[in-house]
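The values are calculated or read from the model by the stated rules, or taken from the named source; none is laboratory data. For clarity, every value in this text was computed on a predicted model and none was experimentally measured. Neighbour counts run over all protein chains shown; Cβ positions are idealised from the backbone, glycine included. Each accessible area value is taken on the protein alone, full model and side chains, heavy atoms only, with ligands, DNA and RNA left out. Shrake-Rupley method; radii C 1.70, N 1.55, O 1.52, S 1.80 Å.
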Amino acid sequence: MIIKGLLEATPELPKPYLGLIAKGGSYIVRRLFQYFLKQMTLTTNTSLENAVYRKVSWRLIPILLLGYCVAYLDRVNISFAKLQMLNDLGMSDYVYGLGAGIFFLGYFLFEIPSNLILHKIGARIWIARIAMSWGIISGAMIFVSSPTTFYVGRFLLGIAEAGFFPGIILYLTYWYPAHRRGRIVSLFMTAVPLAGVFGGPLSGFILEYFNGIHGFEGWKWLFVLEGIPSCLVGVALFFLLTDSIEQANWLSPEEKSILIRNMDAEEVQKSSHSILEIFKNAKVWFLSFVYLCFVVGVYGVSFWLPSIIQGMGFVDLFDVGLLSAIPYGFSIVAMFFISKSSDHTRERRWHLALTALAGAIGLVISVIYAHAPWIAMAALSVAAGGVFTIVALFWTLPTAFLGGIGAATGIALINSIAALAGFVAPYIIGLLKECTGSTNAGVFFMAICLVIGAFLTLLIPTRLVSS
């Protein structure tokens, strides 16, 4: 039925235009990825070592990036579905904000157990399981018919996806030393803006042109068509990932020895913590609160960007999707160059703080100049570049001093605490919009959280963040 629907919808679509976008987008992503990997290996290390890390990156990063891209798309495509679903089901912005946030309650509850299981049984099986689970549940969102079923669906999706992101962050610590990790994590996390660059136009396209096909509303098609790739990626992850350097049969003994030597040298500098010690560690809790402030901005932008753009006067849903790609596209460039600068100078605090402040300023300007759409769009681009860069760069901090099961627990704890921001931010923004009739108050709320996070970052001791 889905394929038949695709075929029936095709004659109505602007084929040359969309074909050009698809080819151009594919070419740009491929060339950017090649450039990023080349730049990431331009260090003072030997050419052989650079070649080994380039080989590892080409093996692991594309599939991990694709996995997080479809994960994030399934997580936030509700922001586009909202544009039709609320009217169809008679739900309010308050219900939407609460439902969008409930995802993170399930995510919060199962984050740490999921990462501990990954540490025990390996990334290949567990990450593949997570991807296939959330793909199935995302597609099942077509059965939403009331606020209650909406809440249940979002909660189950959170449970299914719990552990994917912190699991990948943990997995990357098995392969890359700290001085390479900033750019690698940023490259991996370009999946978020890439999901926006391509997911925005795709979501708007599906809503606009698939609405009514076989009696299904556009938002139902959205959940189904964007859930299928997650299941396919899950299968690919199972066959392409390798649990450890020692098990990588695609590396020669000499290449393995280079990687193992670098990782062994770094492990000596890390502290070993038990699970209980992590929960008592003041540094972990402080970093959790810093990350929580940053994540408010991320999910505020992710869940409300289409609504903010629509509030500028753009009505056509496909146009909203295309315009939403602009801030995300700017974010990809910002993430690369800022993380490259941070790795090159081995400085973290000021890169994080200044980038967070730039994001806050961008958010405020987007509200002040909401009557001038293109100025507001430029400001939103700066804001998106800021918030997405800081969440990537942040993960160089805890992974610099946590190792072993302490890293598995600490990374999951920080991410699960921050997941509460994913619940609070959409809920508060929805409530403020319900009370004021505008998203402006919610945008100011995001900006304040970013400023708090920037200030707290500067309180972190330099010795903790030097890598």
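How much solvent-accessible surface does Thr148 expose, in Å² to the nearest 10, with a 1.4 Å probe and all protein chains in place?
Here the residue's solvent-accessible area equals roughly 90 Å².
If you take every residue apart from Tyr171 with its C-beta less than 12 Å away from the C-beta of Tyr171, what net charge results, scoring Lys and Arg +1 and Asp and Glu -1?
+1
Could you do me a favour and compute the accessible area per residue for region 117-225, 1.4 Å probe, result in Å²?
28
So how much accessible area does Ile365 have, in Å² to the nearest 10, using a 1.4 Å probe?
60
Could you order Thr149, Thr389 so the one with the most accessible surface comes first? Probe is 1.4 Å.
Thr149, Thr389
What is the set of long-range amide H partners of Asn211 at a cut-off below 5 Å, with H atoms built 1.01 Å from backbone N?
Answer set, sorted by chain and number: Gly218.
Kindly write out, for region 320-334 in residue order, the coupling ³J(HN,Hα) from the Karplus curve 6.51 cos²θ - 1.76 cosθ + 1.60 (θ = phi - 60°), rounded to whole Hz, with x marking Gly and Pro.
Values, residue by residue: 4, x, 5, 5, 5, 6, 5, x, 5, x, 4, 4, 4, 5, 4 Hz.
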